[in-house]
Amino acid sequence: MKIKRIEEWVPIFRKMPKVGELLVQKKKITEDQLLTAIHIQNENRENPGLDPKKTLIGQILIERGDITENDLLTIFSEQLELPYVQNLSLRTLEEQGIETNLEACNKMYGLCPLEMLETQEFLPYKFDIAKDEENGNIAWNVFCFSADPWDYDKIIKLFQQLIMNANESLEVEIITETNNKSDFSLLNVTDLNVYISFARRNDILRTIEELKEFLYMGVKDVASENDYVTIRLFREILNFGIQTKSSDIHILPNNANGGLQVRLRKDGVLAEESRFTRGSEKFPIQSYDEFVNVILNEAKIRSHEKSVMALDGALQYSVDGVTYDMRIASVPVLMGQRLSVPKITIRILYKGNTRDVNRIGMLPNQIKIIKQLYSKSEGLTLLTGPTSSGKTTTIYSILNCMDLAHHACYTIENPVEYELPQAAQIQVEEKLGLTFANILRNMLRQDPDIVFVGEMRDHESAESVLHIANTGHTVLSTIHANSAYKVPQRLINMGISPHQIFSSLNLVISQRLVHKNCPECLKEYNPTGFERELLGLSSDVVYMHGTGVVNNETCGRCEGRGYIGRIGLFEILPTAMYPEWEYHADTPERLKNYFTSMENEDGEKLYPDLMEDAKIKMKKGWISPKSLASVFSRLEMKD
Ligand SMILES: [Zn+2]
């Protein structure tokens, strides 16, 4: 839609039917609603102290909830043939090709300060000054957003004043020749053409906020225009990651010449986000390097450290009043001719996540075992599973089952993933010499009851963990092994004696995460031949999956994905409950047979392995064969 000068549409506006009548015509409101609003309007008019906006019918109807601001602006936009920009933001301005670089903004908002615009509730976004060769007049063309066509009078008056001031102080630069000879001469030598587009009031105010932040940042701590653009881009990426509840953000150039590729991991799936993609023409490798520098600076990684191979840093980032902890890692990767292009990975830690054994996908029997084992507590619990398979969440869920108020609980992690108010949480800082091994060596002096050690990665940390567990304490940790049945062997390979293992191991859990079916759009599902073969599915079971569709429309609950979040698959070996397990532990196969052969009186397996657990959850409709197949092919659940 073409943007018109004010004097082109104001006459139409004056002749237009009243807003209330238009809304009735368009069936947005009833006659009765209009009469009520007119009644309120008359009352408000008799109250001179009231905000004049409260005497506008449109405003009254919005406040009463009869219409939305969107309804009103759409009608104004149609009647006056003026553009209406929905969801106005700094980004939409850029998408419309409006310059929002530092220079343009300083020029614009040096003339009309943002603080003033905030009270006036409109937003100029572009102006140019042109000389009319015919009459020699100088014409100012001002483009702005307003939430209200009645504002035109106010806007003109304000710009008249501003231009008078500017003419005195500004060196007027003649940009283009204009053929629009203005008949709207305000001052003898200066024409003012004001062009209005509509946008919602709150969007205008928020965009002014964004601009303030942008310009303020520029003054405060950013040296160059480039830094500016990159900081904004970085913040947009973080905001988007938080909005979409992504767990990780991966940032890489497209090739050795630059560009930008941003991928986000959500519910375990990594996907590129095209809105951040830049070609190397727009984002040469120098820009990428600057971008990385900005990120490393924000993460407080000092410049002398930047030559080190792999870097870690942390960042606290606030948005909408919530502060998120983020871990930032940079690693140099090979790309074309360039030997080391830094790849950045950002992990977003959400502190409010579920940490409750009843809500992580355990079967009732599994929850019972956990609660039973931890009513009395000493010994070692080990969790195994690939990275990002929910091990820490499970450990915190178990910790939450314990009586932390009456026990001294310590967690030793890198990074600390969740807040646990009743525990002392220790963050490993390799750089400061605060390593797992050092902290563990001194742990017993802290008089602990319960200790969670993030990872047993070497002989030394394994020794310490077993020692703490063997001296009457409860210890939880994670270890790398393909299945729960392989954990004892893995410990022996780390140099732990079988005796130590048998006397302290309480519980071993192996786990994976699988997408959880959306209950809203759940339908029967016929597995493909591939899925049947891969997962060994039987033909007499009804399988379910989320379709992402409800009544031919995209499912609102899962936004069409068919799943909501993920749940765990568990393989649980409660060794503490079966002291004779050690006679079956000589090979992983024997250990597996021992636990998987135990059944309850109904013939159900007491301790299903991962695949059996998955099949139970498929039968219940919790997960679909398709989701399971994708995890299966990636993670080799078979031994
Ligand atoms: Zn759904």
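The values are calculated or read from the model by the stated rules, or taken from the named source; none is laboratory data. Model, not experiment: these values are computed from the prediction. Neighbour counts are summed over all protein chains in view; Cβ atoms, including those assigned to glycine, are modelled from backbone coordinates with ideal geometry.
So N414 fits all but one of (1) in contact (Cβ under 8 Å) with a residue 60 or more places away in the chain; (2) closer than 25 Å to G565 by Cα; what number is the exception? All conditions pass for N414, except number (1). Picking from residues in the stretch 56-90 that are within 35 Å of the chain's Cα centre (by Cα) and free of Cβ contacts under 8 Å to residues at least 24 places away in the same chain, the one that is farthest from Y125 (Cα to Cα) is G65.
Which numbered condition in (1) away from the ligand (no atom under 16 Å from the Cβ); (2) under 30 Å from F436 (Cβ atoms) is the only one that R566 fails? It is condition (1) that R566 fails. Residues in the stretch 501-533 that are under 34 Å from the mean Cα position of the chain (by Cα) and either closer than 18 Å to N482 by Cβ or of a type in the set (V, I, T) (or both): 8 in all. Test G58 against the stated conditions and say whether it is among the small types (G, A, S) and surrounded by 15 or more Cβ atoms within 10 Å (Cβ to Cβ). Yes: the conditions hold for G58.
Checking each residue in the stretch 466-493 for being in contact with a Leu (Cβ under 7 Å, 6 or more places away or on another chain), among the β-branched types (V, I, T) and assigned to a helix (DSSP H, G or I) picks out I468, V487.
Of the listed requirements (1) modelled with pLDDT of 90 or more; (2) surrounded by fewer than 17 Cβ atoms within 10 Å (Cβ to Cβ); (3) within 30 Å of E210 (Cβ to Cβ), I75 misses just one: (2). From the list K154, K212, K220, the lone residue that is surrounded by fewer than 18 Cβ atoms within 10 Å (Cβ to Cβ) and modelled with pLDDT of 80 or more is K154. The residues of the stretch 520-563 that are loosely packed, with under 14 Cβ neighbours inside 10 Å and more than 16 Å from the ligand (Cβ to nearest atom), listed by number, are N526, T528, G529, F530, E533, G536, S538, S539, D540, V541, V542.
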